[in-house]
Amino acid sequence: MIGRIRVIGIGMGNPGHVTGEAAGALATVDVFLVADKGEVKSDLVAARQAVCDALIPADHAYRVVEVPDPRRGPDAERDATAYDRGVRDWHAARVDAYAEVIDGLPDSETTVGFLVWGDPAFYDSTIRVVDALVARYAAAGVAVEHDVIAGISAPQLLAARHRIPLNRIGAPIHITTGRRLVEEYDLALGDVVVMLDGHLACAGLVDAYPQLELFWGAYLGSPDELLVAGRLGDVVDEVHRVRAEARERHGWVMDTYLLRQPTDAPVPARVGPSGPAFPATGTLSDGVVAVRPLGPGDWEVVRDEHNNEESLRWAFTDEPLTDDDARRVAAGAAVEWRRGRAARFVMIDVETGRGAGVIGVMRMGPPGIGLLGYGVVPDFRGRGFTARALRLVSDWAFREAGVARLELGHKVDNVASGKAATRAGFRAEGRLAGRLPNPDGTRSDEIYYSLTPESGATEPTEPTR
Ligand SMILES: C[S@@+](CC[C@H](N)C(=O)[O-])C[C@H]1O[C@@H](n2cnc3c(N)ncnc32)[C@H](O)[C@@H]1O
C-alpha cells in the first residue's frame with residue numbers, strides 16, 4: 001500500500017554520476033515505476049538497470065514495473081497550443097496508468113520510486129505527474145509523502161566535458177528547446193543551452209550568427225560520448241555528419257549544446273518590449289511594389305541598400321555595413337517585430353521578384369507614434385518605389401498596427417527623400433536645426449514630415465496578400 005513516492009535523479013546513466021543522496025534513496029524503494037517507451041531507447045533502459053544493480057545493496061528487495069507509456073502524436077507539425085494540449089493529455093494518461101499499478105500494490109510495498117534521467121528539474125514531467133498522483137490520493141483520503149532528489153543534468157555534464165562554465169561573468173543563461181531556438185534567439189539572451197532538439201536547429205542560425213561558439217555533446221556520460229566545439233559557421237556541417245552517423249549506429253541520439261558569443265564580443269543589453277507586438281502580416285502589394293516582413297534571407301538587400309555612395313552620403317556615419325551586420329539586422333527583424341519595437345519590411349519589385357529596398361516603422365516617443373525609415377537599392381531608384389512602399393506601409397500601420405501618427409525626416413539637402421515622402425502624402429511640418437549628424441562630424445538640419453489617417457492624403461491602395 002502506497003505511503004511514499006520518491007523522484008530520484010540518476011544523472012546520465014553512469015553509476016559514478018549518481019549523488020550519495022540519490023544512491024541512499026534508491027536503497028529505500030520497493031517498486032520502481034518505469035515508463036516503457038518501446039525498443040528504440042533500450043540502451044537507456046539498460047543504463048538505468050546498471051545504476052540500480054551497482055547502487056542498490058543485494059539484500060534490498062525491489063521490483064521494477066514497466067508501465068506502457070501512452071502514445072504521443074508527432075510534435076514537429078503542431079503549433080504551441082496544440083503541443084501544450086498534447087503534452088497535458090499525455091501527462092493525464094500517464095497519471096492514470098501509474099495509479100492503476102499503485103492501486104494494485106500489496107501491503108508490503110509502500111515506497112514507490114521514479115528514476116529520472118539527469119535531473120528532474122530539466123525538461124522532465126515526472127514531478128508534475130507525481131504531484132497529480134499525490135493530489136489524487138489526497139482526494140481519496142490517502143496521505144502520500146513525496147520528495148525529489150537531484151541528479152546531474154545534461155547541461156551540467158556538457159559544461160564539465162567541455163571544461164567551460166555555462167555563463168559569462170554575471171550574465172544570464174537561457175535554456176530552451178530546439179523547436180523554439182530560431183524564433184527566440186537573440187544575442188542579448190547570453191549563453192543559450194539547447195535541449196530536446198531533434199533536428200539541430202542551430203543550423204538555422206548560421207547565416208545570421210556564424211561567429212557564435214558551439215559546444216555540442218551527445219550520449220554524454222556514456223562510453224559513446226561525442227563532443228564537438230568550434231565556431232558555429234565552421235563546425236555545423238561536422239556536427240550534422242557526426243550526429244547522423246551516430247543516429248544510424250544507435251537508432252537514436254540525445255544531444256545538448258551551448259551557443260555563445262565569442263568571449264571578446266560584448267553582450268548587448270537586452271532591449272525590453274516597447275509596445276505590443278506588431279500584428280503579423282503577409283505580403284502587401286500595389287501591383288508594382290510589394291512589401292513583406294524582412295527575414296534572414298533578405299540580408300543582401302539590407303547590405304546593398306546601405307553600402308552605396310548615395311546612401312552613405314546621407315547616413316550618420318560613413319561606415320559600410322559588414323555582411324555580418326546585415327545578417328544580424330535581417331535575422332533580428334522577427335524579434336523586433338514581436339517585441340513591438342520595429343516592423344521592418346523588404347520592398348520587392350513585383351515584376352522581377354527582386355529585393356528593391358527596405359522600409360520600417362519604429363515605435364518611438366509617445367504612444368501611437370511610428371517613425372519611418374527607408375532606402376532603395378541603387379538599381380531601383382528613380383522609379384517611385386519609395387512612395388509606393390510608403391503608402392503600403394502607412395496604410396497598414398494605420399489600419400492594422402494601431403499607429404495614430406507617422407513621422408519621418410531627412411537631411412535638408414536630401415531632396416529625393418522629401419519628394420518621395422510628399423508623393424506618399426506626407427506633409428512637411430518644419431525644419432529642425434542641427435538634428436542629424438554627418439559622417440564628417442558636422443550636423444545637418446532635418447526636414448520633418450507627418451501623416452495621420454485624418455490628413456487622408458494617401459491615395460487609396462487595395463493591398464493584396
Ligand atoms: C526529456 S529531456 C531530459 C533532460 C534531463 N532531465 C536532464 O536533466 O538532462 C531529454 C533531453 O536531454 C538531453 N540529454 C539527455 N541525456 C543526454 C545525454 N546523455 N547527452 C546529451 N544530451 C542529453 C537532450 O537534449 C535530450 O533531448
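Restricting to the range 45-67, name every residue that is surrounded by 13 or more Cβ atoms within 10 Å (Cβ to Cβ) and at pLDDT 90 or above. Can you show your working first?
Residues of the range 45-67 surrounded by 13 or more Cβ atoms within 10 Å (Cβ to Cβ): 45, 47-52, 54-56, 62, 64-67.
Hits for the range 45-67 are V51, C52, A54, L55, I56, Y62, V64, V65.
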- Which residue, of L44, L55, L26, is of a type outside the set (D, E) and over 24 Å from D224 (Cα atoms)? L26
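Give me the residue from the range 239-282 that is among the charged types (D, E, K, R) and out of contact with any Phe, Trp or Tyr (no Cβ under 9 Å at 6 or more places or on another chain) and, out of that set, modelled with the lowest pLDDT.
Initially, the range 239-282 is screened for residues among the charged types (D, E, K, R), giving 241, 243, 245, 247-249, 255, 260, 264, 270.
So of that shortlist, the ones also out of contact with any Phe, Trp or Tyr (no Cβ under 9 Å at 6 or more places or on another chain) come out as 241, 245, 247-249, 264, 270.
Values: R241: 97, E245: 96, R247: 93, E248: 93, R249: 91, D264: 66, R270: 50.
Ranking the qualifying residues of the range 239-282, first place goes to R270.
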- Query: Any idea how many residues of the range 375-397 are surrounded by 19 or more Cβ atoms within 10 Å (Cβ to Cβ) and in a helix (DSSP H, G or I)?
  - Reply: 14
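Residue by residue, here is whether (1) within 12 Å of the ligand (Cβ to nearest atom); (2) closer than 27 Å to R249 by Cα; (3) among the polar types (S, T, N, Q) holds:
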residue	(1), (2), (3)
A121	yes, no, no
L157	yes, yes, no
R161	yes, yes, no
P210	no, no, no
G221	yes, yes, no
- Conditions: (1) outside the structural domain of A218 (by TED's automatic domain parsing); (2) within 16 Å of the ligand (Cβ to nearest atom); (3) surrounded by 18 or more Cβ atoms within 10 Å (Cβ to Cβ); (4) not in a helix (DSSP H, G or I). V112 meets all but one. Number of the miss? (2)
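Sort out which residues of the range 193-203 are more than 12 Å from the ligand (Cβ to nearest atom) and crowded, with 18+ Cβ neighbours inside 10 Å, and write them in order of number.
Pass one, the range 193-203, residues more than 12 Å from the ligand (Cβ to nearest atom): 202-203.
Scanning the range 193-203 gives a single hit, C202.
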- Number of the condition not met by D255 [criteria: (1) more than 28 Å from A50 (Cβ to Cβ); (2) in contact with a Gly (Cβ under 7 Å, 6 or more places away or on another chain)]: (1)
- Task: Return the total of residues in the range 359-386 being hydrophobic (A, V, I, L, M, F, W, C) and farther than 16 Å from T452 by Cα.
- Result: 5
- Applying the selection to the range 173-197, what residues are over 22 Å from A244 (Cα atoms) and in a helix (DSSP H, G or I)? E183, E184, L187, A188, L189
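In the set G217, G190, G221, which member is buried (at least 17 other Cβ atoms within 10 Å of the Cβ), at pLDDT below 95, farther than 22 Å from D325 by Cβ and in contact with a strand residue (DSSP E or B) (Cβ under 8 Å, 6 or more places away or on another chain)?
Working: G217 fails: at pLDDT below 95; G190 fails: farther than 22 Å from D325 by Cβ.
Only one candidate qualifies: G221.
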- Item | Tally of residues being among the basic types (K, R) and surrounded by fewer than 19 Cβ atoms within 10 Å (Cβ to Cβ) across the range 297-313 | 1
- Task: Please indicate, with yes or no, whether at least one residue in the range 261-270 is within 16 Å of the ligand (Cβ to nearest atom) and either closer than 20 Å to G332 by Cα or in contact (Cβ under 8 Å) with a residue 24 or more places away in the chain (or both).
- Result: no
- Working only within the range 125-155, note down all residues that are without any contact (Cβ under 8 Å) to a residue 60 or more places away in the chain, within 14 Å of the ligand (Cβ to nearest atom) and not in a helix (DSSP H, G or I). S125
- Query: In the range 1-13, what residues are closer than 16 Å to I56 by Cβ and either more than 14 Å from the ligand (Cβ to nearest atom) or out of contact with any strand residue (DSSP E or B) (no Cβ under 8 Å at 6 or more places or on another chain) (or both)?
  - Reply: R6, G13
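Filter the range 280-296 down to residues that are in contact with a strand residue (DSSP E or B) (Cβ under 9 Å, 6 or more places away or on another chain) and either hydroxyl-bearing (S, T, Y) or closer than 14 Å to G353 by Cβ (or both) and give me whichever is surrounded by the fewest Cβ atoms within 10 Å (Cβ to Cβ). Give the derivation first.
Narrowing the range 280-296 to residues in contact with a strand residue (DSSP E or B) (Cβ under 9 Å, 6 or more places away or on another chain): 280-285, 288-295.
Narrowing the set further to residues that are either hydroxyl-bearing (S, T, Y) or closer than 14 Å to G353 by Cβ (or both) leaves 281, 283, 285, 288-292.
Working: T281: 18, T283: 16, S285: 19, V288: 12, V289: 27, A290: 24, V291: 29, R292: 16.
Restricting to residues being in contact with a strand residue (DSSP E or B) (Cβ under 9 Å, 6 or more places away or on another chain) and either hydroxyl-bearing (S, T, Y) or closer than 14 Å to G353 by Cβ (or both), the top hit is V288.
Does V51 satisfy being in contact with a strand residue (DSSP E or B) (Cβ under 6 Å, 6 or more places away or on another chain) and either more than 23 Å from A121 (Cα to Cα) or within 16 Å of the ligand (Cβ to nearest atom) (or both)?
Numbers: in contact with a strand residue (DSSP E or B) (Cβ under 6 Å, 6 or more places away or on another chain): no; either more than 23 Å from A121 (Cα to Cα) or within 16 Å of the ligand (Cβ to nearest atom) (or both): yes.
Spelling it out, it is not the case that V51 is in contact with a strand residue (DSSP E or B) (Cβ under 6 Å, 6 or more places away or on another chain) and either more than 23 Å from A121 (Cα to Cα) or within 16 Å of the ligand (Cβ to nearest atom) (or both).
The values are calculated or read from the model by the stated rules, or taken from the named source; none is laboratory data. Since we're looking at a predicted model, the values are computed, not measured. Cβ: placed from backbone, ideal geometry, glycine included. Neighbour counts: every protein chain shown.
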